[in-house]
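Asker: Once you've had a glance at the structure underneath, I'll fire off some questions.
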Amino acid sequence: MGRSMFRLHRHCVFCNINKELGFNIVYEDDTLIAFHDRAPAGAMHLLVVPRKHIGSVKELSSQHVELVSSMMDLGKRLLVELGQDPAKARIGFHRPPFTSVRHLHMHFIVTPFKSRFRSLKYQPGRRWYMDAVDLLEVLKAHQK
Ligand SMILES: [Zn+2]
Ligand SMILES: [Zn+2]
């Protein structure tokens with residue numbers, strides 16, 4: 001066993017966030033970390049990631065409802081603390097294989113988007129992106 005509670009993936013950037021330089025971290029605890037996206041797609045762009053390595057939404061099941069809910073709650077709370085309106089944020093996940101980093105991360109992008117391309121890149125209902133609320137519904141539906 002390492003010092004961490006969790007299995008760390010040595011080559012995963014998001015597993016090693018505290019060792020990496022250049023992350024603008026706005027929140028962290030034992031379970032979650034939140035930071036500004038290095039290439040913001042909108043007026044503000046936060047990412048919330050679990051400490052535990054989960055590759056993507058494809059690895060999520062009904063047992064992750066609580067985790068995903070807590071990611072959503074944290075991101076919205078941080079937006080408010082940073083003076084943003086969560087109602088104006090597009091909140092969701094990239095679907096594999098369209099994931100830049102293979103460690104689950106929830107995007108919180110405050111609109112307006114910086115470009116049409118970025119708006120499309122984070123557009124719910126596409127093959128490459130899904131809304132966080134939709135994901136939660138799917139996970140909850142499998143809970144019964
Ligand atoms: Zn990882
Ligand atoms: Zn992403």
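The values are calculated or read from the model by the stated rules, or taken from the named source; none is laboratory data. Source: prediction; values computed, not measured. Backbone-built Cβ (ideal geometry, glycine too); neighbour counts: all protein chains shown. To get the accessible areas, we keep the full protein, side chains included, count just its heavy atoms, and leave off ligands, DNA and RNA. Shrake-Rupley method; radii C 1.70, N 1.55, O 1.52, S 1.80 Å.
Asker: Taking only protein heavy atoms into account and a 1.4 Å probe, give the accessible area per residue of region 13-141 in Å². Show your work: numbers first, answer last.
Answerer: Values: 6580 Å² over 129 residues.
Dividing the accessible area of region 13-141 by its residue count gives 51 Å².
Asker: Here is a further query. Could you identify which residue out of Gly125, Gly75, Gly92 has the top mean-square fluctuation in a GNM of the chain using Cα springs shorter than 10 Å?
Answerer: Gly125
Asker: Let me ask something else about it. If you plug each phi of region 29-35 into the Karplus form 6.51 cos²θ - 1.76 cosθ + 1.60 with θ = phi - 60°, what whole-Hz ³J(HN,Hα) values come out, in order, with x for Gly and Pro?
Answerer: 9, 5, 10, 10, 10, 10, 8
Asker: With an 8 Å cut-off on Cα pairs and a minimum separation of 6 or more residues, tell me the relative contact order of the chain in percent. Intermediate results must be reported in sequence, preceding the final value.
Answerer: Working: 232 pairs, mean separation 37.6, N = 144.
Dividing the mean separation by the residue count of the chain yields 26 percent.
Asker: Right, next: Picking from Ile33, Ile54, Ile91, which is most flexible by a Gaussian network model of the chain using Cα springs under 10 Å?
Answerer: Judging by the Gaussian network model, the answer is Ile54.
Asker: So if the hydrodynamic radius of region 85-134 is defined as the Kirkwood radius over C-alpha pairs, what does Stokes-Einstein give as its diffusion coefficient at 4 °C and 1.567 mPa s, in µm² per second? Kindly include the intermediate steps, with their values, before the conclusion.
Answerer: Details: Rh = 11.1 Å.
The Stokes-Einstein estimate is 117 µm²/s.
Asker: What's the carbon and sulfur percent of the chain's accessible surface, probe 1.4 angstrom, rounded to a whole number?
Answerer: Values: 4370 of 8480 Å².
Looking at the chain in its full context, I get 52 percent from C and S.
Asker: Can you tell which of Asp30, Asp85, Asp131 shows the greatest fluctuation in a Gaussian network model of the chain with Cα springs below 10 Å?
Answerer: The residue with the greatest mean-square fluctuation here is Asp30.
Asker: Taking θ = phi - 60°, what integer Hz values does the Karplus form 6.51 cos²θ - 1.76 cosθ + 1.60 yield along region 73-86, in sequence order, with x for Gly and Pro?
Answerer: Calculated HN-Hα couplings, in order: 4, 5, x, 5, 4, 5, 4, 4, 4, 8, x, 10, 9, x Hz.
Asker: Helix-derived [θ] at 222 nm for the chain: sum -39500 (n - 2.57) over DSSP H runs of at least 4, divide by residue count, nearest 500? Don't skip to the end; give the middle numbers.
Answerer: On the way: 3 runs with 33 residues, N = 144.
Result for the chain, helices only: -7000 deg cm²/dmol.
Asker: Under 5 Å between amide H atoms, partner at least 5 residues away or on a different chain: which partners does Ile54 have, H built in plane at 1.01 Å?
Answerer: Placed amide hydrogens put Leu104 under 5 Å from Ile54.
Asker: Working from the alpha-carbon coordinates of the chain, get Rg over Rh, Rh being the Kirkwood radius.
Answerer: Working: Rg = 14.7 Å, Rh = 15.5 Å.
Dividing the radius of gyration by the Kirkwood radius yields 0.94.
Asker: Right, something else. Hand me the tally of lysine pairs in region 13-141: alpha carbons under 30 angstrom apart, and the pair either on different chains or 8 or more positions apart.
Answerer: 22
Asker: So how much slack lies between Gln63 and Gln143, counting 0.36 nm per residue of separation and subtracting their Cα-Cα distance, in nm? Walk me through the numbers on the way to the answer.
Answerer: On the way: separation 80, 0.36 × 80 = 28.80 nm, distance 0.76 nm.
Contour length minus the Cα-Cα distance gives 28.0 nm.
Asker: Of Gly55, Ala39, Leu79, which is farthest on the positive side of the dipole of region 13-141, counting Cα position, with +1 on Lys and Arg Cβ, -1 on Asp and Glu Cβ, and the Cα centre as origin?
Answerer: Among Gly55, Ala39, Leu79, the one farthest towards the positive end of the dipole of region 13-141 is Ala39.
Asker: Okay, next question. Quick one: net charge around His45, please, counting Lys, Arg +1 and Asp, Glu -1 for every other residue with C-beta under 11 Å from its C-beta.
Answerer: Numbers: positive: Arg38, Arg90, Lys114, Arg118; negative: Asp37.
Charge balance in the 11 Å sphere: +3.
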